[in-house]
Amino acid sequence: QGAQVIVFPEDGIHGFNFTRSSIYPYLDFILDSHSGKWNPCREPYLFNDTEVVQRLSCMARKNKIFLVANLGTKQPCNHTDPRCPADGRYQFNTNVAFDADGMLLATYRKHNLYFEYALDTPPEPDYSFFDTPFAGKFGMFTCFDILFFEPAVNLISQYNLKQIVYPTAWMNQLPLLSAVEFQQAFATAFNVNILAANIHHPTLGMTGSGIYTPVKSFIYHNMESYGGKLIVAEIPVITTDYKTNLESNERFRGNLHDSCRTFTSTSLDDEVCFKEQEETPGRLSEKGNEPSPPSFYAEMMYDNFTFVPVWGEKGELQVCANTLCCYLNYQRAVLTDELYALGVFDGLHTVHGTYYVQACALVKCGGLSFSTCGQEVTDATALIDFQLWGNMSTPYIFPLLLTSGITLDFADHMGWKNNYYFISKNRTSSGLLTAALYGRWYEKD
């Protein structure tokens, strides 16, 4: 089909559920850093235990295509190295990249392991990228890495990368961390193209791959069938500078009070405006004299969110936790018998990994009772126009917009204004599942 680069998923070659010793026979030997150039297909006998790498190299060479794959690798170490494991070797979760001639261009050893007890964390994060004649430099990291500053964010900003290859074996977790949802948000947040290959293993909850640009995506998400899918797409190479993006965000944060409509304006058009801090809207209904809806707590993604219900055709809501306040201005085309809620979380997430999250989330609840808010929901019918914003304390905001059937939508507008980050949408393409600002406050991890 004329593709120039192909990316394979994490764990696709060896699979799952290994101990340190049971995975050992499947590990290839790869030198830590390549002092010289090596073409495993042309020079198969340079090192022992390189069968997998040779096969991948020959696939790239035979098909004249850049190829990225994930495999297990080993590296001997000795006891003078204080980090050296007792069995005298490191075992890494490794990505390899080959050019169209089969030359090994780059390796990357996964830094943020996700309960991979058979494998080791490299002593220092790898900043791995490779050059191509068709799209310049591609950065490379793996799965859980996408949630952390090292090496993913640092790699992109330090080397000003525009294209990313991303093997993953991602267990979907709704409503905020479904694979396609977060992959898209990452592409949007950093203004990069991402080629994300997720292993297709529905019984483990693993599915959701895509080719993403900041404004368009080509995705496959299927929890029903066991057949995977090859996604092929042609996308424009990004050339604009990521740093100017952040700077424009900073400029956005300047005061833009002139020509502002008031917050209570019922038309949800392109303008998003905020009054001075003390005039920030309270939780009042349109009439202004009815009591504001009750706030309640419910668990979402193993975190204790504070919610307010989203009732009625339209309204304005506010909900706060710690230093973070989230605001929602909404209007529904038709009232459906579905419960939605606006939730806030500002704290350390501690289950299946430890990292600090600031989140403002409009979600569809699992049922009609408050306790169902935060549950995993895959279908919705409500079409909601909304503006959602929060006084986030971190510049790293991932805008999530997920619609019925685990499909993606794109916001009309998003960005910083007056120290608030906002996202607005004037009619989702199908029923709304999640609209959220997922902030990562890396310094507080």
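For the stretch 57-72, the criterion of being charged (D, E, K, R) and surrounded by fewer than 16 Cβ atoms within 10 Å (Cβ to Cβ) is satisfied by at least one residue.
Looking at the stretch 338-443, what strands (runs of 3 or more DSSP E) fall wholly within it and have at least 1 residues that are assigned by the TED database to the domain that holds D303 and of a type in the set (D, E, K, R)? Talk me through it step by step, then tell me what you get.
Details: elements: 340-349, 355-364, 384-390, 397-403, 413-417, 420-425, 432-440.
Answer list for the stretch 338-443: 340-349, 355-364, 384-390, 413-417, 420-425, 432-440.
Considering only residues that are aromatic (F, W, Y) and in a strand (DSSP E or B), which ones fall in the stretch 93-114?
The first filter runs over the stretch 93-114 and keeps only residues aromatic (F, W, Y), leaving 98, 108, 114.
Residues satisfying the conditions are F98, Y108.
When you scan the stretch 342-363, do you find a residue that is open to solvent by 20 Å² or more (accessible area, probe 1.4 Å), out of contact with any helix residue (DSSP H, G or I) (no Cβ under 7 Å at 6 or more places or on another chain), farther than 26 Å from D145 by Cβ and modelled with pLDDT of 95 or more, even just one? No, the conditions are met nowhere in the stretch 342-363.
I'm checking my understanding of the structure. Among residues of the stretch 409-433 that are open to solvent by less than 30 Å² (accessible area, probe 1.4 Å) and touching a helix residue (DSSP H, G or I) at 6+ places or on another chain (Cβ under 7 Å), which one is farthest from L174 (Cα to Cα)? That would be W416.
Look at (1) in contact with a helix residue (DSSP H, G or I) (Cβ under 6 Å, 6 or more places away or on another chain); (2) under 27 Å from T207 (Cα atoms) and you find that G12 fails only one, number (1).
Applying the set (1) more than 11 Å from the chain's Cα centre (by Cα); (2) in contact (Cβ under 8 Å) with a residue 60 or more places away in the chain; (3) open to solvent by 30 Å² or more (accessible area, probe 1.4 Å) to A189 leaves exactly one unmet item: (1).
The values are calculated or read from the model by the stated rules, or taken from the named source; none is laboratory data. On a predicted model such as this, the values are computed, not experimentally measured, just so you know. Note that each Cβ is placed from the backbone with ideal geometry, even for glycine, and that neighbours are counted across all protein chains shown. Just so you know, the surface numbers come from the protein's heavy atoms only, side chains and all, with ligands and any DNA or RNA stripped out. Shrake-Rupley method; radii C 1.70, N 1.55, O 1.52, S 1.80 Å.
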